[in-house]
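A.B. asks: Have a look at this one before I ask anything.
The values are calculated or read from the model by the stated rules, or taken from the named source; none is laboratory data. Being a predicted model, the structure only gives us computed values, none of them experimental. Neighbour counts run over all protein chains shown; Cβ positions are idealised from the backbone, glycine included. Side chains are part of the model used for accessible areas, which takes the heavy atoms of the whole protein and leaves out ligands, DNA and RNA. Shrake-Rupley method; radii C 1.70, N 1.55, O 1.52, S 1.80 Å.
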Amino acid sequence: MNHRVAILGVGLIGGSLALAFKERTNCSVVGFDTSAETINQALSMDVVDEGYTSLELAAVDADYIFIAVPVGQIGNYINQLVEIPLKKGVLDYYPFI
């Protein structure tokens, strides 16, 4: 099965994570960023397979979602994600004990 991984924020950390998935798995990697320039750069450098400036388009069919944005923005992204009809289990929370 070819999983679909969404990376929210394809800057240095998100881009590195995307490249790791592309190099080591057969996952389809989808990037999201609020900057069209950043998405275009990630696409042209083959960092992601697909790129979007729409959070919903990037996340809706994802099997896994990784949030790679500044810490202060994480809550905002989670609040947006809970409003999107995501696949079952994508936003499960597994606390570290």
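A.B. asks: If I model a spin label as a point 7 Å beyond the Cα along the Cα-Cβ vector, how far apart are those points for residue 79 and residue 63 in nm?
C.D. replies: Distance between label points: 3.2 nm.
A.B. asks: Also: Per residue, how much accessible surface does the chain expose to a 1.4 Å probe? Answer in Å², no decimals.
C.D. replies: Per-residue value: 64 Å².
A.B. asks: Tally up the carbon and sulfur contribution to the accessible surface of the chain as a whole percent, 1.4 Å probe, everything protein left in place.
C.D. replies: 56 percent
A.B. asks: Where a ≥ b ≥ c are the square roots of the eigenvalues of the C-alpha gyration tensor, would you call the stretch 1-59 rounded, which needs a/c under 1.5, or, failing that, prolate if a/b is larger than b/c, or oblate?
C.D. replies: oblate
A.B. asks: Please identify the DSSP H helices in the chain that span no less than 30 Å along the helix axis (Cα) and have a mean Kyte-Doolittle hydropathy of 1.0 or more.
C.D. replies: none
A.B. asks: Let me ask you something else. Farthest toward the dipole's positive end in the stretch 12-82, which of 52, 15, 30, given Cβ charges of +1 (Lys, Arg) and -1 (Asp, Glu) about the Cα centre?
C.D. replies: Highest projection toward the positive end goes to 15.
A.B. asks: If you don't mind, there's one more thing I want to ask. What does the charge dipole of the chain about its Cα centre add up to, to the nearest 20 debye, if the Cβ of each Lys and Arg holds +1 and the Cβ of each Asp and Glu holds -1?
C.D. replies: Rounded to the nearest 20 debye, it is 240 debye.
A.B. asks: Sticking with this structure for a sec: Mind listing which chymotrypsin sites (Phe, Trp or Tyr not before Pro) in the stretch 44-97 are in a DSSP loop and have 16 or fewer other Cβ atoms within 10 Å?
C.D. replies: Taking the stretch 44-97 and a limit of 16 other Cβ atoms within 10 Å, the loop chymotrypsin sites (Phe, Trp or Tyr not before Pro) found are 93, 96.
A.B. asks: Given a 10 angstrom Cα cut-off, can you work out which residue in 72, 15, 51 is the most mobile in a GNM of the chain?
C.D. replies: Maximum among the listed residues: 72.
A.B. asks: Could you work out how much longer the chain between residue 24 and residue 40 gets when fully extended? Use 0.36 nm per residue separation minus the Cα distance between them, nm to one decimal.
C.D. replies: Difference between extended and current length: 3.5 nm.
A.B. asks: Same structure, new question: Between 26, 40, 76, where does the largest GNM mean-square fluctuation fall for the chain, given springs only between Cα atoms within less than 10 Å?
C.D. replies: 76
A.B. asks: Helix-only mean residue ellipticity at 222 nm, the chain, DSSP H runs n ≥ 4 weighted -39,500 (n - 2.57), per residue, nearest 500. What is it?
C.D. replies: -10000 deg cm²/dmol
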